[in-house]
Amino acid sequence: MGCVGVPENVKPVENFNLEKYLGKWYEIARLDHSFERGLTHVTAFYSLRNDGGVKVLNRGYSAKAGSWKEAEGKAYFVKESNLGYLKVSFFGPFYGSYIVFGLDHENYQYSLVCGPNKSYLWILARSPIMNEDIKFTLMEKATASGFDTSKLIFVDHGKPPNNANSANAKSRAAD
């Protein structure tokens, strides 16, 4: 169930290596959605599940609420495991596409990800700061694929909130 299609002009990366993709990613930029609205210091952590899928732990800080927000989900390949095309669920039986269509195949230091349509787009990196040339190249690729990159929100990863250390300790304990 859900929407696991691939948007027009988007092609999942080939030669995808899940083992290299696992671990922590920082959200550099995103298109706005209610589930992430107002969040800073957004990260995603991917790890293997016992059933062969991927555990997804998204975390971000809400200054308005003065607290960290987390969402845990699960993801599975839609087709072959060497294709950057997965389906992810945070809500029961409902799945949405998670399509990696831009990737640093050599070092797995950045990725360009979309959902089932052109309103879902993320630029991810292994560190909270991304090289401007790489960011520009990924934005160009997204624009050429039909995404409105003028609406991207660039995520603040500046000074951590006061309670960031306790949340990071909790994160390490959970991992």
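The values are calculated or read from the model by the stated rules, or taken from the named source; none is laboratory data. Here the structure is a predicted model, which is why all the values come from computation and not from measurement. Cβ placement follows ideal geometry from the backbone for every residue including glycine, while neighbour counts extend to all protein chains displayed.
Which numbered condition trips up LEU138, out of (1) surrounded by 19 or more Cβ atoms within 10 Å (Cβ to Cβ); (2) without any contact (Cβ under 8 Å) to a residue 24 or more places away in the chain?
With (1) surrounded by 19 or more Cβ atoms within 10 Å (Cβ to Cβ); (2) without any contact (Cβ under 8 Å) to a residue 24 or more places away in the chain applied to LEU138, the lone miss is (2).
Within segment 67-93, count every residue that is among the aromatic types (Phe, Trp, Tyr), surrounded by 12 or more Cβ atoms within 10 Å (Cβ to Cβ) and either modelled with pLDDT under 95 or more than 16 Å from the chain's Cα centre (by Cα) (or both).
The number of residues fulfilling the criteria is 2.
With in contact with a Gly (Cβ under 6 Å, 6 or more places away or on another chain), modelled with pLDDT under 95 and not in a helix (DSSP H, G or I) as the only criterion, which of LYS64, LYS118 stands out?
That would be LYS64, the only listed residue that is in contact with a Gly (Cβ under 6 Å, 6 or more places away or on another chain), modelled with pLDDT under 95 and not in a helix (DSSP H, G or I).
Look at ILE99 and say whether it is at pLDDT 95 or above and farther than 22 Å from TYR61 by Cβ.
Numbers: at pLDDT 95 or above: yes; farther than 22 Å from TYR61 by Cβ: yes.
When the stated conditions are applied, ILE99 passes them.
Going by the conditions given, is PHE35 loosely packed, with under 12 Cβ neighbours inside 10 Å, closer than 15 Å to GLY96 by Cα and of a type in the set (Phe, Trp, Tyr)?
So PHE35 fits the description; yes.
Kindly indicate the residue of segment 121-135 that is assigned to a loop (DSSP other than H, G, I, E, B) and touching a residue at least 40 places away in the same chain (Cβ under 8 Å) and also nearest to THR40 (Cα to Cα) among those meeting that condition.
Here the answer is PRO128.
Kindly list the number of the only condition in (1) touching a residue at least 24 places away in the same chain (Cβ under 8 Å); (2) in contact with a strand residue (DSSP E or B) (Cβ under 8 Å, 6 or more places away or on another chain) that fails for GLU8.
Unmet condition: (2).
Which one of these is surrounded by fewer than 17 Cβ atoms within 10 Å (Cβ to Cβ), touching a residue at least 60 places away in the same chain (Cβ under 8 Å), farther than 19 Å from GLY158 by Cα and among the polar types (S, T, N, Q): SER47, SER97? If you could, list the steps in order and put the result at the bottom.
Working: SER97 fails: surrounded by fewer than 17 Cβ atoms within 10 Å (Cβ to Cβ).
Matching residue, one of SER47, SER97: SER47.
Kindly evaluate LEU112 against the criterion of being assigned to a strand (DSSP E or B), in contact with a Phe, Trp or Tyr (Cβ under 9 Å, 6 or more places away or on another chain), buried (at least 18 other Cβ atoms within 10 Å of the Cβ) and at pLDDT 95 or above. First the steps, then the outcome.
Values: assigned to a strand (DSSP E or B): yes; in contact with a Phe, Trp or Tyr (Cβ under 9 Å, 6 or more places away or on another chain): yes; buried (at least 18 other Cβ atoms within 10 Å of the Cβ): yes; at pLDDT 95 or above: yes.
In short, yes.
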